[in-house]
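Beneath this line is the structure, given in structure tokens, with notes to follow.
The values are calculated or read from the model by the stated rules, or taken from the named source; none is laboratory data. Keep in mind that this is a model prediction, so the values were computed, not measured. Here the Cβ positions follow ideal geometry from the backbone for every residue, glycine too, while neighbour counts run over all protein chains shown. For accessibility, only protein heavy atoms count, side chains too; no ligands or nucleic acids. Shrake-Rupley method; radii C 1.70, N 1.55, O 1.52, S 1.80 Å.
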Amino acid sequence: FILIRHVLKPLREGYRRNLQKSEYVLSFCKTTVEMLSILARRCLGTVGRSVIPKPYFYSTQIGENRAEKGLVLGLYEQEIETEEPRLSPTAIHFDAKTDGQLLNLIKECNLKGKLGSVKVFNNLDPEIGSIAIVGLGIEGAGFNELETIDEGMENVRVAAGIGAKALSNEGCTQIYVDPMDYPEQAAEGSGLATWRYQANKTKKDRKAIPKLDLYDSTEVDAWTRGLFKADAQNLARSLSDGPGNQITPTSFAQAAVDALCPCGVNIEVRNKDWAEAKNMSCFLSVARSSCEPPIFLEISYCGDDKSGRPILLAGKGMTFNSGGLCLKHPEDMAKYRASMAGAATVVATIRAAAALSLPVNLVGLIPLCENMPSGMAFKPGDVITAMNGKTVAVHDTNNAGRLMLADAFIYGQTTFKPKIVVDVATLSDGIIHALGGAASGVFSNSDFLWSQVQKAGAISGDRVWRMPLWQYYTHKVTEYSNVDLSNAGRGKGSACLGAAFLKEFVPCVDWVHMDITGVGMLKRGAGIPYLENDRMTGRPTRTLIQLLYQLACPEEQKKSLVERKSAL
């Protein structure tokens, strides 16, 4: 009787007054089902016992009473079915604040703490309207050698991301996050999960992106670092997801200027005349296929006062890749607006390095153009002379990105004398067949650099996998009777052939090539839960940031490792 009088009747009347509000229908169903289930469990639980259950103060979402503040709290997975739920330290403090009501609700709802699970309770606290209880998985998870990932860190990203997204969907505009022992990773997960690409929606239909804050912790520095990293990846996501008619070489250059100049980063925007004066024939051969003028970005960040040799970051900046005269399939062509995902990642990484004040000198080189079919387009069979004098036969106009990078490599090495070259590019579809969306394919001529990249991927949760850079593939792209190189090579293994081609332009320096075709474009299906499906990912921005931190601050890395071991 009480349930019908005080819950069902008001909701029914509210529903009649708000026929156009789908949220009311949802709240009506959720409230009715949950209250009936809890009432049934209590009634059944007291059969045969003269026990009066203690009244609990809980609520699910009820239309106009939706809270604007939310809190994400962690719950570890129960390894034994009969054991008590294990809350995170912050959740234990919050439970004490509610006189144990939170823990009782967790028991009532039979929450087990399975990784990725989430349950939202409303009106449990007078100050914070919505509480999201998220599953953290097994307590004490650490580095998994077989999976090549730090599961403790990644579990926190997943939990914080799922919880923050659930609260955002509930309408919360300010979300507090439990650090769950890893405040930096909690910031990354929640920052990535709550971000949305909405540039082309009308303003009235855009959803507000909630403000994120650390809850009940003094580790503000770590939290801030995580937010910087998430913001950097979101910048890469935004640039990569823009349609080809909006993200042209010119507009990308303007977006890079807007993102980097306020951080104190120097950026030079070079035009076609400059590229012609530098004899960048490979780059210009690709660029002439489009009426959009080519741009060459030269970015400089000086974080090391000792004037050390810089690290060179090169990103493929093809703002749309139709395949040229070797046209791509039409059903897949739209996603190749993200053929500049490598360039977006380089811009985002340098921005984060500046925001974090990393003590390292960086140079970013980004050739920007489109690859289109036209009367001016380069043709299969053409022979081009690169900046270093090597001749290149064009056997596939779809493989244009490696031509752009070749000139960038030669210019960067002769001008800046870098100690390390790192390039990021959506270079070949072959890497998708090999690795899918699980990891970036990494090719390197340095075992030390590979070990650093692998470590960065394990820490960031955005993994990498080493691919072969053998002479076998070099022979496939160089053994031609009339030219020095082919941009396609012979036989299978397109990702390895592309890397072998680039290797010919970095002869005397430690080098890492990251093929991100599988990870840097659209996210499809299951995978990383804090990134949205069918949207560009911005990967592997955080891996690159972590790599730069390791190279710039090796002593800090050792100190952090010792502290973690002592804590264990």
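Here are some notes:
- For segment 68-218, the square roots a ≥ b ≥ c of the C-alpha gyration tensor eigenvalues yield an a/c of 1.5 or more together with a/b not exceeding b/c, which makes the shape oblate.
- Inter-part distance where segment 215-233 and segment 273-300 are each reduced to a Cα centre, Å: 39
- Karplus (6.51, -1.76, 1.60) ³J(HN,Hα), θ = phi - 60°, over segment 286-295, in Hz, Gly and Pro reported as x: 6, 5, 5, 6, 10, 7, 6, x, x, 10
- Ranked by how many other beta carbons lie within 10 Å on average, peptides 151-162, 459-470, 441-452 from highest: 151-162, 459-470, 441-452
- (i) 26.9, 95; (ii) 24.5, 84; (iii) 26.0, 88, with the label sought being that of the calculated Rg and Dmax of the Cα atoms in Å: (i)
- Helix 341-355 vs. the chain, principal-axis angle (Cα, 0 to 90°, nearest 10): 70
- Rolling a 1.4 Å probe over the protein heavy atoms leaves Y480 with an accessible area of roughly 40 Å².
- Accessible area per residue for the chain is 44 Å², calculated with a 1.4 Å probe on protein heavy atoms, without ligands, DNA or RNA.
- The angle separating the long axis of helix 401-416 from the principal Cα axis of greatest extent in the chain is about 80 degrees.
- FRET E, pair K107, A334, Förster distance 51 Å, beta-carbon r, rounded to 0.05: 0.55
- Accessible surface ranking that places the most exposed of D305, D258 first, with a 1.4 angstrom probe: D305, D258
- Ordered from largest to smallest accessible area (heavy atoms of protein chains, 1.4 Å probe), the residues R539, R196, R288 come out as R288, R196, R539.
- Mean Cβ neighbour count within 10 Å, used as a protection proxy, ranking 491-500, 345-354 highest first: 345-354, 491-500
- The I80 and Y197 beta-carbon pair, evaluated with R₀ = 56 Å, returns a calculated FRET efficiency of approximately 0.85.
- The gain in end-to-end length when the C302 to Q254 segment is fully stretched comes to 15.2 nm, 0.36 nm per residue minus the alpha carbon separation.
- On segment 279-330, 53 percent of the accessible area sits on carbon and sulfur atoms, based on a 1.4 Å probe.
- Pairs of lysines in segment 68-218 whose Cα atoms sit within less than 23 Å of one another amount to 23, provided the residues are eight or more positions apart or on different chains.
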